Each structure stands twice: as structure tokens, then as C-alpha cells.
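Trainee: Let me give you the structure first, and then I'll get to my questions.
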Amino acid sequence: MIRPAVAYTLIAAAANVVGAAAVASRSRWSVPALEKMIALSAGFMVSVALLDLAPEAIDQHGAAAGGLILGGFLLVHLTQHTLVPHFHFGEEVHEVTRAVSMSALVGLLLHTFVDGVAIASGFEVRPSLGLLVFVAILLHKLPEGLAISSIFLASGASRARALLAGASLGIATILGAVFTEMSEPLSRYGLGLATGVSLYVGASNLVPEFQAKRDWKLQGSFFGGCALYVVARFLIGKYT
Ligand SMILES: [Zn+2]
Ligand SMILES: [Zn+2]
């Protein structure tokens, strides 16, 4: 039987493929809708990190949780920015080299692996937390698939390869959940690391995509994402 954490991760992984397919098939999503989705998922992601993941990590490790959270935070910066010449969420609108697209993929593979770790670690604490982490991750999975697929296309890759890149992110997510269930160190430290990763993805990958835009709908979507998280947290806590 597939465990719930892995089953939910499969759904999140599928969203990576859907995001990639949306770009690869050239079906023009409305860009404003995508931007709002990025803002909404940023609010949701920052909220899950600060309201639930960080307190749980501190419960598990005490003050040492701070080191794990910082470690996760720095790990994303290192693998998606320091070691990678060019990467951002949102559609790639200029040409990039193949080396840029490949390095962006490697960085995102690590990030998506931790997405899976986060879902499984959440479920290990309690199903209601696992569900909240799942929703937070699901919301940014479409923009994530879209980002990798569009960077591949911008580097001159075929649509099939762009789709494959999205699918590989999905596979890394599933592996993250499976390994967390099998490996002792990952299941012990995964939640703390995932806290730092979620905080970085929300605040430093997604927020910069819209922070300079003076569009009240976009800005409202960010705060709306935080509010939605609080409502989801209340409902999921009540019915699980
Ligand atoms: Zn770019
Ligand atoms: Zn992700």
C-alpha cells in the first residue's frame, strides 16, 4: 500500500509536469494569472514555514533547530544561485545557454527533493501538518515546472526535453518523500532543513518575482496567500 505522504507527493510531482507541459505545449496561460499564483504561493509558503514548520523543528531539536533552518536556507541559495549563473521563477523570456539550463535543473532537483522531504516530514509529525505542507508545495509546483520548462526552451531544447526536465523535478520530489520514510537521518533532520528551504523558496525565490510591481491585485494575492494559509490551517485542524 502506498503511504499517504508518498501518495500526496505523487500529486505534487504531477503538478511539476503540468506546469512544464503548459509551457512546452505553448498553450498561453494568462501571465497575470501565473503572477498571482506565484504571489499566493509565496504567502502560503512563508506562512507554513513560520507558523508551523519552525515551531515543530524547535520542538524536535530545541535551539539547535536554528542551525538546521539556516542550513536549509543557505543550501537553496548555494545550489540555485551561487553555483548557478542564472535562475528565477516565472517564465524565461530571454535566450540562455545550455549550461545555464542544465545547472538550473541540477539546482532545482535538489530543491524539489527537499519538497518531498518536507511533505514526508510533515506527515511524520501529524497528518494535518503533512496536508498543509502538501498544499503549500502543490501551489508552487506549477510555477516551478513552468520555470524549468521555459528555461529549457529558452536554451534551444526541444519541447520533449523541456517536458522531461519538468518530469525529472517530479521524480526528485517523490524520491525525497520515499528517502525520508526510509532514512533515519533524513527523517530526523528533514523538518528543520525543510523549514529553511520553504522560507527561502517563499521569501527569496517567489517574493522577488512580484515585490517591485505596483499592482494591488498582485500584492493582495501575497497577503491573501497568508490569510488562506490561516484558514486552511483552521479547517484542516478541525476536520482531521
Ligand atoms: Zn531569465
Ligand atoms: Zn519546490
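The values are calculated or read from the model by the stated rules, or taken from the named source; none is laboratory data. Nothing here was measured: the structure is a model prediction, and the numbers come from that model. For neighbour counting, all protein chains shown are included, and Cβ atoms are generated from backbone atoms with ideal geometry for every residue, glycine included. Please note that ligands, DNA and RNA were not included when accessible areas were found on the heavy atoms of the full protein model with its side chains. Shrake-Rupley method; radii C 1.70, N 1.55, O 1.52, S 1.80 Å.
Trainee: Take A13 and tell me if it is in contact with a Ser or Thr (Cβ under 6 Å, 6 or more places away or on another chain) and either open to solvent by less than 30 Å² (accessible area, probe 1.4 Å) or in a helix (DSSP H, G or I) (or both).
Mentor: On the way: in contact with a Ser or Thr (Cβ under 6 Å, 6 or more places away or on another chain): yes; either open to solvent by less than 30 Å² (accessible area, probe 1.4 Å) or in a helix (DSSP H, G or I) (or both): yes.
Yes, satisfied.
Trainee: What tally of residues in the range 80-93 results from selecting those that are under 18 Å from the mean Cα position of the chain (by Cα) and part of a helix (DSSP H, G or I)?
Mentor: Residues that pass the stated criteria total 2.
Trainee: Residues F210, F223: which one is more than 15 Å from the chain's Cα centre (by Cα), in contact (Cβ under 8 Å) with a residue 24 or more places away in the chain and open to solvent by 20 Å² or more (accessible area, probe 1.4 Å)?
Mentor: When all the criteria are applied, what remains is F223.
Trainee: Another question, then. In contact with a Ser or Thr (Cβ under 6 Å, 6 or more places away or on another chain) and of a type in the set (A, V, I, L, M, F, W, C): does that describe V84?
Mentor: yes
Trainee: In the set A160, A136, A194, A165, which member is open to solvent by less than 50 Å² (accessible area, probe 1.4 Å) and either away from ligand 2 (no atom under 16 Å from the Cβ) or over 22 Å from L51 (Cβ atoms) (or both)?
Mentor: Sole residue among the options that is open to solvent by less than 50 Å² (accessible area, probe 1.4 Å) and either away from ligand 2 (no atom under 16 Å from the Cβ) or over 22 Å from L51 (Cβ atoms) (or both): A165.
Trainee: Quick test for you: out of S41, S101, S25, pick the one residue that is under 25 Å from L163 (Cα atoms), hydroxyl-bearing (S, T, Y) and under 14 Å from the mean Cα position of the chain (by Cα). Walk me through it before giving the result.
Mentor: On the way: S101 fails: under 14 Å from the mean Cα position of the chain (by Cα); S25 fails: under 14 Å from the mean Cα position of the chain (by Cα).
Answer to the selection: S41.
Yes/no matrix, rows are residues, columns are (1) more than 13 Å from ligand 2 (Cβ to nearest atom); (2) open to solvent by less than 20 Å² (accessible area, probe 1.4 Å):
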site: P143; (1), (2): no, yes
site: I148; (1), (2): no, yes
site: I151; (1), (2): yes, yes
site: Y189; (1), (2): yes, no
site: V201; (1), (2): no, yes
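Trainee: Look through Q80, Q60 and report the one residue that is open to solvent by 30 Å² or more (accessible area, probe 1.4 Å), polar (S, T, N, Q), touching a helix residue (DSSP H, G or I) at 6+ places or on another chain (Cβ under 8 Å) and at negative phi.
Mentor: Testing whether each residue is open to solvent by 30 Å² or more (accessible area, probe 1.4 Å), polar (S, T, N, Q), touching a helix residue (DSSP H, G or I) at 6+ places or on another chain (Cβ under 8 Å) and at negative phi leaves just Q60.
Trainee: Could you tell me which numbered condition L51 fails, if it satisfies all but one of (1) modelled with pLDDT of 95 or more; (2) open to solvent by less than 50 Å² (accessible area, probe 1.4 Å); (3) touching a Phe, Trp or Tyr at 6+ places or on another chain (Cβ under 9 Å); (4) not aromatic (F, W, Y)?
Mentor: That leaves (2) as the condition not met.
Trainee: Separate question: Is there a residue in the range 65-72 that is surrounded by fewer than 19 Cβ atoms within 10 Å (Cβ to Cβ), more than 16 Å from ligand 2 (Cβ to nearest atom), more than 19 Å from A203 (Cα to Cα) and in contact (Cβ under 8 Å) with a residue 40 or more places away in the chain?
Mentor: Within the range 65-72 (the criterion being surrounded by fewer than 19 Cβ atoms within 10 Å (Cβ to Cβ), more than 16 Å from ligand 2 (Cβ to nearest atom), more than 19 Å from A203 (Cα to Cα) and in contact (Cβ under 8 Å) with a residue 40 or more places away in the chain), the answer is no, since none of the residues qualifies.
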